[in-house]
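In what follows, a structure is listed as structure tokens, so that the remarks can point back to it.
The values are calculated or read from the model by the stated rules, or taken from the named source; none is laboratory data. Source: prediction; values computed, not measured. Note: ideal-geometry Cβ built from the backbone for every residue, glycine included; neighbour counts use all protein chains shown. What goes into the accessible areas is simple: the full protein's heavy atoms, side chains included, and nothing from ligands, DNA or RNA. Shrake-Rupley method; radii C 1.70, N 1.55, O 1.52, S 1.80 Å.
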Amino acid sequence: MIPQISSTRDIPTTASHFILPDLISHCNFPLVYHPHGDVVAAQSVRWLDNNCPDLKENRRQALYGLRAGELTAFCYNTAPDERLRVVSDFMNYLFHLDNISDGMMTSDTEALSDAVMNALWFTESYRPTQNLKCMQSEGALNACKLARDFWGRCIRNAGPGCQARFKEYFELFFEAVHTQAKARDAGVIPDLESYIDIRRDTSGCKPCWALIEYALDIDLPDIVVEDPIIMAINRSANDLVTWSNDIFSYNVEQSRSDAHNMIAILMKHHGYTLQRAVDHVGDLCHQTIVDFDASRMKIPCWGAEVDDMVQRYVQGLQDWIVGSLHWSFQTTRYFGTQGQEVKRHRCVELIPVGAGNEW
């Protein structure tokens, strides 16, 4: 039976603040930033801004505070500038999709998915959907236009395996968003195990992993992608990025009464206090790094050429782990303009319900 919970309003708490786990100290991977990251990031955010004419002014300002291009520069720090720009555009676009899909009804997420995936399959021009149940809004059509723009540039030199994986993983993202919307429409949220399964796809990490291949100009063979050790490494990196994001985003999400967060689930269905729930998720994050390192030591050999690709790919996942942790205190998405101060003292004052920013 799926536990009934409509929002964080149903989760009792008397806490006024919580202390972040020291995730930075748990991660000793070197932090590297692309030498042209700032320039490319500025170009990319303007690309999204210029192509979203209907954005409200507060969302337009938040777009620049998001600093998605800077996240890209941390995570794809060896990519040629042209490829960095494509990935940066996708990163800005992915956050944009996340924002516009929040609060969508089930039918709206279907239409959004249909429009965007249409652009990935038919890159030359738009072909109207034949699914009469999916009436596409202007927002969905604009999302389609943006997808066709960055994807058309990506496929000029992305390998066939990389392209196929990106489309498969992006489809999984939309399926998970749709499932989340159905639960939201019904006023329910799944148990912890079910939540983790869907969260691994709503995070959007998997298509980002495919773009590591694109950024490095490699195309991993299927025998590598399907290897259990490589799959475990992918999962560990996804879990670290996803679960740490649940910690960083909790304050803003609880202020909007959004319960799609591991901390909220632990409090509601497992009786945890806020701080105990935060600490528990922090312990899980620490374990993902341990698991990542342990799996890395077990990577099989496939020959010199493939092994070199694999090592570079795993390095890309490592850069994602450390880059996302540090970026989370630079963006205004989670801690406003106080990110560096919060990074230092790790104390987060709870935002009153209804007072959270729109993003």
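Using mean Cβ contacts within 10 Å as the protection proxy, how do 111-119, 291-299 order, highest first?
For the peptides 111-119, 291-299, the packing ranking is 111-119, 291-299.
How much of F166 can a 1.4 Å solvent probe reach, expressed as accessible area in Å² and rounded to 10?
0
With +1 on each Lys and Arg Cβ and -1 on each Asp and Glu Cβ, and nothing else charged, work out how big the dipole of the chain is about its Cα centre, in Debye to the nearest 20.
The dipole magnitude comes to about 640 debye.
Using label points projected 7 Å from each Cα along Cα→Cβ, tell me how many nm separate E168 and Q338, to one decimal.
4.4
Measuring from centroid to centroid over Cα atoms, what is the spacing of segment 290-326 and segment 159-201 in Å?
Here the answer is 24 Å between Cα centres.
Which order do the peptides 179-186, 21-28, 84-91 take when ranked by the mean count of other beta-carbon atoms within 10 Å per residue, highest first?
Highest mean packing first, the order is 84-91, 179-186, 21-28.
Sorted by packing (mean other beta-carbon atoms within 10 Å per residue), highest first, where do 67-80, 194-207 land?
67-80, 194-207
Take the residue pairs K145/K167; K56/K145; K56/K343 and return only those whose Cα atoms are more than 22 Å apart.
Listed pairs above 22 Å: K56/K343.
Set the Förster radius R0 to 35 Å, insert the Cβ-Cβ distance between Y33 and E226 as r into 1/(1 + (r/R0)^6), and round the FRET efficiency to 0.05.
Result of the calculation: an efficiency of 0.60.
Among [x] 1.06; [y] 0.96; [z] 1.11, which one is Cα Rg over 2.2 N^0.38 Å computed from these coordinates?
[y]
Among the lysines, which fall within straight-line cross-link reach of K298, defined as a Cα-Cα distance under 28 Å, with same-chain neighbours fewer than 8 residues apart omitted?
Once the sequence-local lysines are set aside, what remains near K298 is K206.
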